[in-house]
Each structure stands twice: as structure tokens, then as C-alpha cells.
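Below is one structure, written out as C-alpha cells, with a few remarks after it.
The values are calculated or read from the model by the stated rules, or taken from the named source; none is laboratory data. The shown structure was predicted, so the numbers you read here are calculated from the model rather than taken from an experiment. Cβ: placed from backbone, ideal geometry, glycine included. Neighbour counts: every protein chain shown. Surface areas here come from the heavy atoms of the whole protein model, side chains and all, with no ligands, DNA or RNA. Shrake-Rupley method; radii C 1.70, N 1.55, O 1.52, S 1.80 Å.
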Amino acid sequence: MLSKSEMLAEGISRNAKELASKNIHINTDKILSLRKELESAAQKQESAEMQLTEAREKAHRALDELKQYCMDAKLPIKQNYLVDSWPRFGLSDKR
């Protein structure tokens, strides 16, 4: 859409006299202004999506690390205590 709007604005500008002779007046500045606004919004959106992707990756790494640490913390309790006493340590009876 960006290139099409630019081509439209250029075409209108090149043929402004002909259009004016038919009483057609189109504000190409408005087209170009809206085009720049769209470009800016698209850049901000791309930046936000990159930040979101980075945040998700960081969250997934933290979740994986937490899961692994919890599994490592449970192991000595499971090895040294009977299943009946696991709930005391916050462990469910899942082997």
C-alpha cells in the first residue's frame, strides 16, 4: 500500500492541471502525510513485536530453568523420604 499511495500521489501531482480542468482537486499532501504515518506505525509495531518475542523467549527460558531446578530439588527428598511424608515438603504423590 505504501508504494501504491506514493505512485498515486506522484501521478496526481504530475497531472494536477488536467485534473483541475475537470474540477478534480485531490490533496496529495494528505496522501503523503498518511503514508508517513503508516510507515511510522509499522516501524513501531515491528519494534514492539521484536520486544514481545524477546520477552517470550526470556520467559520460556526462565520457566525451563524453574522446572529443572524444582525437579532437582525434589529428587533428594524423594530418595530419602517415604511417599507418605512427601506432602510435608510440598510434593504431591506423583512418582
* Give, rounded to the nearest 20 debye, the magnitude of the charge dipole that the chain has about its Cα centre when Lys and Arg contribute +1 at Cβ and Asp and Glu contribute -1 at Cβ. => 200 debye
* If Lys and Arg each add +1 and Asp and Glu each add -1, what is the summed charge of the other residues whose beta carbon sits under 14 Å from the beta carbon of Leu2? -> -2
* Structure fact -> Lys pairs in the chain with Cα under 20 Å (8 or more apart in sequence, or on separate chains) total 9
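For the full complex of protein chains and a 1.4 angstrom probe, list Lys58, Lys74 by accessible area with the highest value first. Kindly include the intermediate steps, with their values, before the conclusion.
Working: Lys58 140, Lys74 85 Å².
Per-residue accessible area, sorted high to low, gives Lys58, Lys74.
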* **Largest-first principal axis extents, alpha carbons of the chain, Å** => 95, 16, 15
* Asked: Taking Cα atoms, how many degrees apart are the long axis of helix 2-14 and the longest axis of the chain, rounded to 10 and kept between 0 and 90?
  -> 10 degrees
* Karplus-derived 3J(HN,Hα), 6.51/-1.76/1.60, for each residue of the stretch 22-38, Hz, glycine and proline x -> 9, 6, 10, 10, 10, 7, 6, 4, 5, 4, 5, 5, 5, 4, 5, 4, 5
* How much mean residue ellipticity at 222 nm does the chain get from its helices, if each DSSP H run of length 4 or more adds -39500 (n - 2.57) and you divide by all residues, to the nearest 500 deg cm²/dmol? -> -26500 deg cm²/dmol
